[in-house]
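Student: Okay, here's the structure, questions in a sec.
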Amino acid sequence: MDQDEDFIDEPNDLVYKSIKIYNIKDPGEGQYPYMDTMKYYCRDSEELSNVEDDIDSPTLTLENTDGTADGDGVWSDYYDAYIDPNAEDVSYCDKGDGYRYDSDCFYSEFYEETVANDYAEDNGEYCDYRDDSEYDSWRESGDYVESDEGNTATQKYAENNWYYSDYSDEWLEDAYYSEYHNTYLPANDTRDVYTSADKNETDRRADDDGSWWTWDYDGEDYDEDITEDELKEENGLTDEEEEEEEEEEEEEEEEPIVKKPIKKKTKIRKMSEE
C-alpha cells in the first residue's frame, strides 16, 4: 500500500484505495482469469491493480470468462504475447498480418508497405541484383526473375541488363540475337551460320534448331536454304574436283609410316700372333 493513500477519518467517509500486486507472470492468451476487482494487468511490468491508471501501459482488463483479455495491448501470435501497437518501435505489417517490433520487419519502397521478416522469408526472395534506382531488393514470388545461370533479379534490373529469350523461355545474362528466331539465344550452345553462299552474311542459330547444315568440303555451317550446288558454283567446283580435293586432304591427314633399316653389327675377332 502506498504511503500517500487516503485513510478513513470519519465512519461515514467513502474511501477508494489503490492496491497493486507485483511479479505476476503473464499466463498467455487463453489463460487469463476473470477478475472482479484486481482486474487491471500490465504484462511488461508484471503488475496487477484495481486502478487502471496506477500501472504501466499497455493495460489489459481481465473481465472475460474465456481466458482472453481486453485492453491497450494486442495479441501477437508471432511473439505469443500482447504488444503495445502504439509503441514507437512497433509497426503494423501489411504483409505479415500483424504487429511486429521494428527489428522484425522492414518497409518496402517497391510495395509501399511494411513487410514482416518471417513473411518475406516464406513468400519472396532477396534478389541478387537490383536496379540502382531501387531502394530494396526483396520481391514477392512473381515479381522477380531468375536467369539461366541461377541468379535472381528485380524485373527492372532484368529488363535493363539481361535478355529475354522466347526460344528458351528464360532470362539470359549473356546472349546473341537471332534474326531467324527473332529473339535472343543463349551465348552457349549456339553458333554463327552463313546465310549466303558467298559468306558475306551470317546469323546466330541454336545448335539444336535444325536450321543449318555443315558442308564437308570446308567444314563450315550454312543456312538450310543454301544448297550444296550453290556452294559448288560459288567456289567454282565440279564433282570431280571436289572429290579430288577431299582425297588430297585425307591423304595429308594420314601420316606415312617410315620403316628405318636395321643395321647389323659385325663382331671382329682379333687374332693373336702365334
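The values are calculated or read from the model by the stated rules, or taken from the named source; none is laboratory data. For clarity, every value in this text was computed on a predicted model and none was experimentally measured. Note that each Cβ is placed from the backbone with ideal geometry, even for glycine, and that neighbours are counted across all protein chains shown. Calculation scope for accessible area: heavy atoms of the full protein, side chains included, ligands and nucleic acids excluded. Shrake-Rupley method; radii C 1.70, N 1.55, O 1.52, S 1.80 Å.
Student: In nanometres, what is the gap between the two model label sites at residue 38 and residue 56, each 7 Å from Cα along Cα-to-Cβ?
Tutor: Using points 7 Å along Cα→Cβ, the separation is 2.0 nm.
Student: Under the Karplus relation 6.51 cos²θ - 1.76 cosθ + 1.60, θ = phi - 60°, what is the ordered set of whole-Hz ³J(HN,Hα) values for segment 220-230, x standing for Gly and Pro?
Tutor: Per residue, the Karplus-derived 3J(HN,Hα) values read 8, 9, 10, 4, 4, 7, 8, 8, 5, 4, 5 Hz.
Student: Related question: Give the accessible area for residue 208 in Å² (nearest 10); use a 1.4 Å probe, count only protein heavy atoms, and leave out ligands, DNA and RNA.
Tutor: Counting only protein heavy atoms, the figure is 120 Å².
Student: Let me ask something additional. Under a point spin-label approximation (7 Å from Cα along Cα-to-Cβ), what is the residue 230-residue 136 distance to one decimal in nm?
Tutor: Calculated label separation equals 5.7 nm.
Student: Follow-up. What is the extension gain from residue 31 to residue 151, computed as 0.36 nm multiplied by their sequence separation minus the C-alpha to C-alpha distance, in nm to one decimal? Could the numbers behind the result be given before it?
Tutor: Details: separation 120, 0.36 × 120 = 43.20 nm, distance 4.83 nm.
Full extension of this stretch gives 38.4 nm more.
Student: Hey, another quick one. Any idea of the accessible area per residue across segment 42-99, 1.4 Å probe, to the nearest Å²? Could the numbers behind the result be given before it?
Tutor: Working: 3000 Å² over 58 residues.
Accessible surface, normalised per residue, equals 52 Å².
Student: Tally up the carbon and sulfur contribution to the accessible surface of segment 36-178 as a whole percent, 1.4 Å probe, everything protein left in place. Before the final figure, lay out each step's value.
Tutor: Numbers: 2670 of 7860 Å².
So the carbon and sulfur contribution to the accessible surface is 34 percent.
Student: DSSP loop chymotrypsin sites (Phe, Trp or Tyr not before Pro) in segment 46-104 with at most 14 other Cβ atoms within 10 Å of their Cβ, which ones? Write down the numbers at each step before the final one.
Tutor: On the way: sites: 75, 78, 79, 82, 92, 99, 101; in loops: 78, 79.
Answer in residue order: 79.
Student: If you wrap segment 128-200's Cα atoms in a convex hull and average its projection over all directions, what's the area in nm²?
Tutor: Numbers: hull surface 23.9 nm².
Its average projected convex-hull area is 6.0 nm².
Student: What are the residues whose amide H is under 5 Å from the amide H of residue 164, where those residues sit 5 or more places off or on another chain and H is modelled from the backbone?
Tutor: Residues meeting the criterion, in which the H sits 1.01 Å from N, are 172.
Student: Hey, another quick one. With every protein chain present, what accessible area does residue 171 have (1.4 Å probe, heavy atoms only), rounded to the nearest 10 Å²?
Tutor: Its accessible surface works out to 40 Å², give or take rounding.
Student: Non-local amide H neighbours of residue 105 (under 5 Å, H modeled in plane, Pro and chain starts lacking H): which ones?
Tutor: The answer is 117.
Student: Spelling out what I want: for every residue of segment 88-102, take phi, set θ = phi - 60°, compute 6.51 cos²θ - 1.76 cosθ + 1.60 (Karplus), and round to whole Hz; glycine and proline get x.
Tutor: 5, 9, 10, 9, 8, 9, 5, 10, x, 6, x, 8, 9, 5, 4
Student: For residue 127, list long-range residues whose amide hydrogen, built 1.01 Å from N in the peptide plane, is under 5 Å from its own amide hydrogen.
Tutor: Distant-sequence amide H within range of residue 127: 138, 139.
Student: When the Kirkwood radius is taken over all Cα pairs of segment 37-171, what Stokes-Einstein diffusion coefficient follows at 20 °C and 1.002 mPa s, in µm²/s?
Tutor: Values: Rh = 17.9 Å.
Result for D is 120 µm²/s.
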